[in-house]
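In what follows, a single structure is set out as structure tokens and then discussed.
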Amino acid sequence: MYAANVVCLRPHETLPFQIPDAKFIYTTRSPLAVFPSTMSLFAYQCTHFSDLLEPYPFGEYLLETTKHWYRYPLQKLAESANTYTVVKYKHLVQDLEMIVGDIYSTFGLAVSPNYAQVLKMEVSKAENYTSRHNYALEDMGYTPEQIIAEYQDVFELFSFDTEGE
């Protein structure tokens, strides 16, 4: 059984303000993967509520939303130095066990033997996973060059490959 604390935040408060000893993991992925994935998910969800006039609606809105997802958390985390670590999605899927160990180490935590065993099982499952999602950025009306230009600071900050994942 898991227990969780529910915290209602006022607009000027953040989780570090409410939970001073909280630790955070900021997981990030290339905008060349995040933006089209978000567009695809949103289009899929929209089909459940209406007949779409275009296959990928609200592109500019989602572009601004995903830019916010990169920048806002980093601004807030910067206010609380040493309370977070950044993990690239690419590294997480390449070596989940090592990355989880690094996260625990960063925060001064020990991986219990039981958790280590569960983690090994999850790594085995993850190694056999293949995504069934197929979509192309160009089909959504965008080019890789546009996405790179929109997220130039993100590409630089995280040293993302501009050729994609």
Within region 98-147, tally of residues that are among the charged types (D, E, K, R) and touching a residue at least 40 places away in the same chain (Cβ under 8 Å): 1
Residue selected from region 107-165 under the condition in a helix (DSSP H, G or I) and of a type in the set (Ser, Thr, Tyr), by the criterion least open to solvent (accessible area, probe 1.4 Å): Ser124
Selection within region 62-106 - among the aromatic types (Phe, Trp, Tyr) and assigned to a helix (DSSP H, G or I): Trp69, Tyr70, Tyr72, Tyr89, Tyr104
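Results for (1) part of a loop (DSSP other than H, G, I, E, B); (2) modelled with pLDDT of 85 or more, shown as yes or no for each residue.
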residue	(1), (2)
Tyr2	yes, no
Cys8	yes, no
Pro16	no, no
Thr27	no, yes
Pro36	no, yes
Leu41	no, no
Tyr44	no, no
Identity of the residue in region 61-106, open to solvent by 60 Å² or more (accessible area, probe 1.4 Å) and among the β-branched types (Val, Ile, Thr), that ends up nearest to Tyr151 (Cα to Cα): Val86
Set Lys88, Lys76: member being basic (Lys, Arg) and within 15 Å of the chain's Cα centre (by Cα): Lys88
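The values are calculated or read from the model by the stated rules, or taken from the named source; none is laboratory data. Small disclaimer: the values here were computed from a predicted structure and weren't measured. Don't worry about glycine lacking a Cβ; one is built from the backbone with ideal geometry, like all the others, and counts go over all protein chains shown. Calculation scope for accessible area: heavy atoms of the full protein, side chains included, ligands and nucleic acids excluded. Shrake-Rupley method; radii C 1.70, N 1.55, O 1.52, S 1.80 Å.
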